[in-house]
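Enquirer: Pasting in a structure now, in C-alpha cells, and then I'll have a few things to ask.
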Amino acid sequence: MMGSKLIFVGLNCVVLLSTMVILPCSLALVSSPDVNVNVNPPFPKAISDLKEAIVKGLGFQADQFKISGFDVKDILVGQSVAYEFDVEIDNKVLPVKLLEDVNRWEFVDLPIFRVEEPVKPGEENGLIERKKVDESVGPVLAPFQLAGPMELWIQDGKDMRVSLPHDVDAGVLRKVILAEGAVVTVKGAKSVSLRQPLDLPLPLNMTQSGFASGLLSLAEHLRHASRGKESLLLSLRVVGPTSLTSASPSSPSSSNRLKLKRLAPGLVELSSLSVNKPAIEPATAINLQSEVPTLLTPNQFTTLWPVMSLNGSHSNLVGLEKLLSSVLGPKAHKKGSFRLLKADVSSQTFLKIGFGVEKKIGKDDGFNFEGFPEWRTKPEKVKMHFEVLAKVEGDKVVPEKVMQVNPVMIEDTVAPSVLSGNVSMSKMPIVYEPSTPFAL
C-alpha cells in the first residue's frame with residue numbers, strides 16, 4: 001500500500017515538473033511583446049507645435065489644466081485670398097491687411113497632417129527610395145490677365161508652360177517683359193506682389209457710386225507714365241505660375257498672338273503681332289477665357305490696368321477704393337501724392353480646429369453655486385471649449401485667432417413628484433377637465 005502511494009506521488013511530481021517546463025513556452029508563443037512597436041502613433045509636428053504655441057499664449061499650466069482635442073480628424077480646411085498693402089503719406093506708413101471670407105470649410109488631408117513612418121533598423125541603406133511627403137501642392141489664385149508695358153519676375157516657375165497661343169519651349173524663365181499691347185493670362189500663381197514702390201498722384205477722383213473710378217484713374221495715369229520709358233515703372237513678382245498663355249486654343253485670333261524674343265538666358269520679351277494697335281480696344285479684340293470675365297468698351301476704359309481681368313464694378317475694387325479714401329482722409333481730395341510701398345495678393349490655406357480645457361474647482365477659484373439645484377451633484381471640474389483659426393505657412397501652422405465656443409446647453413427634465421415636493425399620487429387633488437360635447 002505504501003509503495004502505491006509513493007508511485008502516485010512520484011507521478012504527480014513528474015506532471016508538475018513537465019507543466020513548469022512547458023508553461024513558459026506556451027506563454028511566450030501567445031504574448032510576445034515587441035519593444036519596437038509604438039502603441040501611440042506619432043502626432044503631426046505642425047499640430048503639436050500649434051498646440052504648444054496656444055497653450056503658452058493663453059498661459060495654461062500643465063499641472064493645473066488638462067488640454068484635450070487638437071484631433072487631426074476634426075480639422076476643417078478652407079482657402080481664402082489675403083491682400084496686404086503699405087501706404088506712405090507724409091512720411092507715415094499705414095499698413096492695411098484684408099482677408100476674404102472662406103466660403104467653404106471641408107475635411108482635407110493636407111501633407112502636413114501626414115506622419116512619415118520612422119526608418120526601421122536595417123533599412124537605412126535600402127535600395128527602394130522612401131516616398132517623401134509632397135509639400136508643393138497648395139492653394140492658388142484664380143486665373144488673371146496682365147497687360148503691358150510691365151515686367152514679370154517669375155519665382156518657382158520651373159515647369160511653367162508658355163503658349164502664344166501654341167506651346168513654346170522657352171526654357172526656365174526668370175523674367176518676362178510685356179511690351180505695349182501684349183496681354184497674357186497667368187494660371188496657377190500662388191501670389192503676386194509689387195517689387196518696387198510706386199508714386200501715385202492725388203486727388204482720388206471718386207465720381208460714381210458702385211464704380212471704382214478713382215482706382216481706374218490712378219491705373220491709367222501709371223499706364224501712360226510707363227509708355228516710352230527705358231526702365232519700366234511697374235514690376236511684379238509672380239510666385240509659382242503653371243502657365244502663361246496669350247489666348248485660348250479654341251479661338252486663336254491674330255490680335256491675341258504674341259511674339260517671343262529671347263534677350264538672355266531666362267529673359268524673354270513678349271510683344272503683340274498687331275502693328276497699329278489702339279490704346280483702348282473694343283471688347284471683341286481680346287478673347288477672354290471663360291474663367292476670367294472682364295469688360296472693355298471703345299469709348300472709356302473700365303478695366304484696372306495692368307490686371308485686365310478686373311473691371312471697375314468689381315466689389316473688391318469698390319471696397320478697396322473706399323478703404324483707401326478713409327486711410328488717406330481729407331488729403332484724398334486735395335492735390336498731392338502718396339506712395340504705395342507694398343502690394344501683395346496671395347492665396348492662403350486656413351484651418352479650424354477645436355480643443356477643450358479642463359480644470360479642477362478649488363476653494364479659492366470664486367465659483368458661486370447659488371441657485372444650483374440641491375438634487376444635482378455639484379461639479380468638481382469646469383470645462384471650456386475653444387476654436388482656433390490658424391494659417392498654413394509651408395510646413396508650419398500659425399494661429400491667427402482663438403475664440404471661446406459656448407457648448408450646447410443641457411436642459412433639465414424633472415419628474416412631477418419632485419416638483420410637487422415628492423407627494424404621493426393618492427394625496428394629490430383630483431382635477432376634472434371641463435366636458436366637451438365633441439368628446440365620445
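The values are calculated or read from the model by the stated rules, or taken from the named source; none is laboratory data. As the structure is a prediction and not an experimental result, all values here were calculated from the model. Methodologically, a virtual Cβ is constructed for each residue, glycine included, from the backbone with ideal geometry; neighbour enumeration extends over all protein chains shown. These area figures cover heavy atoms from the full protein model, side chains too; ligands, DNA and RNA do not enter into them. Shrake-Rupley method; radii C 1.70, N 1.55, O 1.52, S 1.80 Å.
Enquirer: Quick one: is Ser309 surrounded by fewer than 20 Cβ atoms within 10 Å (Cβ to Cβ), modelled with pLDDT of 50 or more and not in a helix (DSSP H, G or I)?
Expert: On the way: surrounded by fewer than 20 Cβ atoms within 10 Å (Cβ to Cβ): no; modelled with pLDDT of 50 or more: yes; not in a helix (DSSP H, G or I): yes.
It is false that Ser309 is surrounded by fewer than 20 Cβ atoms within 10 Å (Cβ to Cβ), modelled with pLDDT of 50 or more and not in a helix (DSSP H, G or I).
Enquirer: Could you say whether any residue in segment 338-353 is surrounded by fewer than 15 Cβ atoms within 10 Å (Cβ to Cβ) and either within 30 Å of Gln196 (Cβ to Cβ) or more than 37 Å from the chain's Cα centre (by Cα) (or both)?
Expert: Step one: filter segment 338-353 for residues surrounded by fewer than 15 Cβ atoms within 10 Å (Cβ to Cβ), giving 339.
Retained after the next criterion (residues that are either within 30 Å of Gln196 (Cβ to Cβ) or more than 37 Å from the chain's Cα centre (by Cα) (or both)): 339.
Yes, segment 338-353 has at least one match.
Enquirer: Taking segment 155-171 as the region of interest, how many residues are within 28 Å of the chain's Cα centre (by Cα) and open to solvent by less than 50 Å² (accessible area, probe 1.4 Å)? Let's see the steps before the verdict.
Expert: Of all residues in segment 155-171, those within 28 Å of the chain's Cα centre (by Cα) come to 155-161.
Now restrict to residues that are open to solvent by less than 50 Å² (accessible area, probe 1.4 Å): 157, 160.
So the count comes out to 2.
Enquirer: Within segment 368-417, restricting attention to residues that are within 13 Å of Phe355 (Cα to Cα) and among the charged types (D, E, K, R), which residue is least open to solvent (accessible area, probe 1.4 Å)?
Expert: Step by step, filter segment 368-417, then rank; the result is Glu387.
Enquirer: Tally the residues that are part of a loop (DSSP other than H, G, I, E, B) and either free of Cβ contacts under 8 Å to residues at least 40 places away in the same chain or not aromatic (Phe, Trp, Tyr) (or both), restricting the search to segment 357-413.
Expert: Kept after step one, since they are part of a loop (DSSP other than H, G, I, E, B), are these residues of segment 357-413: 361-362, 366-380, 394-395, 406-413.
Then keep just the ones that are either free of Cβ contacts under 8 Å to residues at least 40 places away in the same chain or not aromatic (Phe, Trp, Tyr) (or both); that gives 361-362, 366-374, 376-380, 394-395, 406-413.
Adding up the residues that qualify gives 26.
Enquirer: Exactly one of (1) open to solvent by less than 70 Å² (accessible area, probe 1.4 Å); (2) touching a helix residue (DSSP H, G or I) at 6+ places or on another chain (Cβ under 8 Å); (3) at pLDDT below 85 is unmet by Leu110. Its number?
Expert: (2)
Enquirer: Further question: If you go through segment 113-136 one residue at a time, how many are among the aliphatic types (A, V, I, L, M), open to solvent by 100 Å² or more (accessible area, probe 1.4 Å) and at pLDDT 60 or above?
Expert: Going through segment 113-136, the residues among the aliphatic types (A, V, I, L, M) turn out to be 115, 119, 127-128, 133.
Checking the rest, the ones that are also open to solvent by 100 Å² or more (accessible area, probe 1.4 Å) come to 127-128.
Then keep just the ones that are at pLDDT 60 or above; that gives none.
Selection size over segment 113-136: 0.
Enquirer: Identify all residues within segment 192-247 that are at pLDDT 85 or above and of a type in the set (D, E, K, R); write none if there are none.
Expert: Arg195, Asp199, Glu220, Arg223, Arg237
Enquirer: Now for a separate question. Can you name the residue in segment 52-79 that is in contact with a Pro (Cβ under 8 Å, 6 or more places away or on another chain) and either open to solvent by less than 40 Å² (accessible area, probe 1.4 Å) or without any contact (Cβ under 8 Å) to a residue 24 or more places away in the chain (or both) and is also nearest to Glu400 (Cα to Cα) among such residues?
Expert: Pass one, segment 52-79, residues in contact with a Pro (Cβ under 8 Å, 6 or more places away or on another chain): 53-54, 57, 72, 79.
Retained after the next criterion (residues that are either open to solvent by less than 40 Å² (accessible area, probe 1.4 Å) or without any contact (Cβ under 8 Å) to a residue 24 or more places away in the chain (or both)): 54, 72.
Working: Ile54: 10, Val72: 18 Å.
Within segment 52-79, the match that is nearest to Glu400 (Cα to Cα) is Ile54.
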